[in-house]
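Structure, as structure tokens:
The values are calculated or read from the model by the stated rules, or taken from the named source; none is laboratory data. Treat the numbers as computed from the prediction; the structure is a model and nothing was measured. Note that each Cβ is placed from the backbone with ideal geometry, even for glycine, and that neighbours are counted across all protein chains shown. Please note that ligands, DNA and RNA were not included when accessible areas were found on the heavy atoms of the full protein model with its side chains. Shrake-Rupley method; radii C 1.70, N 1.55, O 1.52, S 1.80 Å.
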Amino acid sequence: MAIEFRCRNCGKGMRVADSAAGKRGTCPKCGAKFVAPAAAGAEPPLQGSLTPPVSAAGGPRSPSFGPDVAPALNASAGHGSSAAAHRNGASGEARRARARRTPVGLMVVGAVAGLACGAVVTYFVWKSLSGETPATGTASVAAAPASGTNTPSATTQNTTPDSTSPATTNKDPSIGKTPVVPETSPPPTPGTTPDTTPPPVVPPKNQNDPSGPTPSDPAPPTVPSEPKSNPPENTPPDNPPSNPAANPGEKPPGENPAVKPEEGDPKKPAGNKTDKPEKRPVREPRPTKGTKPGNNKKDPNEPEMAFAEDGTCLYCLGLQFVPLTNPKAYVHFEGEKAPKPETCVPWRPCPHCQNDRDPQELVDAEAARLVTWLDSHKSWEQRTTMQYSRVETKHAAIHAQLPADAARRQGMVVEALANHLQTLTRSILLTQSRPDSFDMLINADSAAHAKFLALAPNLPEFAGTTDWLFVSTLGGFTGDKTSVFSATKVKDLPPEHVTLFYFSGHNMLLASRYKSKDWLQAGFQYYGEHAITKKNRVYSISYKANEPPLNQDWNAEVRKALAAKRMRGFELMFRVELRDYTVPDHLQAYSMVGFLLTTEPRTFLKLVQNVAAGQGDQEAVEGSYGKTLKELEAAWVKWAMGQ
């Protein structure tokens, strides 16, 4: 016959065999010590600690009995169960008295739940009285393995918890979320246990997130940049920094003035980092929607250092002007309404070396130019006795014997190439031509071109040209400030190809001060044509005709020539003259310039300036790129095979 009785500590019902009467055992639920009663006797007094014993594995131990005790646990009895316990010989009154007893476990759980609710209410009341908006959020708490055991600290997303920080498990089912602990805990309510759970660590926001750079910028400049502490006053407002620095004298929003950081305080010894919650960063205020930042915001594309050791401005490279931040194509066709002066401005003052210069000066200069802007066009028509349609861009004046739409296309491709070069290099070095200093004449057919050739030797624009018999066999030619070509010399050749070819060549002459060698001059012309049309239909010759590449896809031809080992080394390419060019030489000039320009645009500008300063080709290239010719050749071959 079995003996049934209840645990004095937790009320757990148990049943043991008669042979276990008077022997000691441990409650399987709470771990309290007890002595099994006799069949008709009263329960012995409770012995042992109220704290459940914990095994080495971290969970509660199974109930332990003497060697001859085999407990049979009641699987249906759970936490807070009030099932009646029976013993042989016990009176009905004793059984009813024991049934009326309130389990201790329910009292403990109720007390804990009440304290937790009180702490939460106190915290929100304290935060509202202190003028702060309490942080909201939830912490995903891991389920406890068993009642009364400690669990590792709960973690949230992007959080690295401290392994020494304890975490409490919410036992009240009415509380489904654990509030995030604020920076400072409110004073505990008398008689309650304050919550010591550390707050989740929020990673600080990246303060160096740039939002200003233009997406089309292919690569940052290789020159050092200006310190970001003192932005220039006249920097354009188009690219404001993403996170303006807060005023040191103002309190960041949401910060409690009563809370003072303890880091670095020499009077307080360094303790455990979990003693106080780590202070979370405060997000900087954003500009009001719809407002525009001031003109003193820093351009994110500007270098950190403003000037080189010799005093040259590293941003504009000594040119005093830089590209417009939001350029718009300007193409004016003859007969249209006169443009506004501000639409003709091609660049802006450098925000470093010209930060005190008024941009209105450029507008006034364009207004003065527009007073006589048609004089040059009228002069060409009078001297050639031929009619032309005038198309003006920011960088060229085009006089064309073409239909209106075809003439306008010539202006559009010029503007497209100028914008491409300025965006690529973030400089105006390769686009310095202006409509009052560069003219391009496009003759409609062979007859008109022959008529112009008959007059050209007497025109001052071509005073340097001597071999007019050779020039007459070509489709076009160029002087110091004027280029002329026939629109129908080559069958099915769109005039845009020739327009881009001559525009690129003239601007390389300006950038290098007319000192560019054949490989650099011709290679840049080939690059300019391909950059817009994605084809190459025009090639350069000097003094005598030579064999041109026939395939319009010059990248494919370069790969074939490299595979066949028909290319020269850089050093040999520097010495060969344009009149002796073969097909691989035209291809190599095109590919070399494309490689040097697109891989390191700002370094290419330094190369051009070194050439303008009188340096030889090898010295200029190695000095600019900081590599030997052999190293550059190996990098070029790898790049060219991938084009």
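Per-structure values
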read-out: The range 311-382 - accessible surface per residue (Å², probe 1.4 Å); value: 52 Å²
read-out: Radius 15 Å from Cβ of Asp553, net charge of other residues (Lys, Arg +1; Asp, Glu -1); value: +3
read-out: Per-selection Rg to Rh, the range 384-444 - Cα, Kirkwood hydrodynamic radius; value: 1.03
read-out: Kirkwood estimate for the range 556-623, i.e. one over the average of 1/r between Cα atoms, Å; value: 12.9 Å
read-out: Ordering of 352-361, 367-376, 419-428 by burial proxy (mean other Cβ atoms within 10 Å per residue, highest first); value: 419-428, 352-361, 367-376
read-out: Derived scalar couplings ³J(HN,Hα) [the range 407-416; Karplus, 6.51 cos²θ - 1.76 cosθ + 1.60; whole Hz; x for Gly, Pro]; value: 5, 5, 4, 5, x, 5, 5, 5, 5, 5
read-out: Per residue Cα convex hull volume in Å³ - calculated over the range 362-518; value: 131 Å³
read-out: Phi-based couplings in Hz for the range 115-123 (Karplus 6.51, -1.76, 1.60; Gly and Pro marked x); value: 5, 5, 4, x, 5, 5, 4, 4, 5
read-out: Cross-link pairs Lys517/Lys627; Lys337/Lys515; Lys340/Lys489; Lys340/Lys517 - those with Cα-Cα distance over 30 Å; value: Lys337/Lys515; Lys340/Lys489; Lys340/Lys517
read-out: Accessible-area composition of the range 386-447, carbon plus sulfur, in percent [1.4 Å probe]; value: 54 percent
read-out: Under the Karplus curve 6.51 cos²θ - 1.76 cosθ + 1.60, θ = phi - 60°, whole-Hz ³J(HN,Hα) for the range 5-18, x wherever Gly or Pro sits; value: 7, 10, 6, 5, 8, 10, x, 5, x, 9, 9, 10, 6, 4
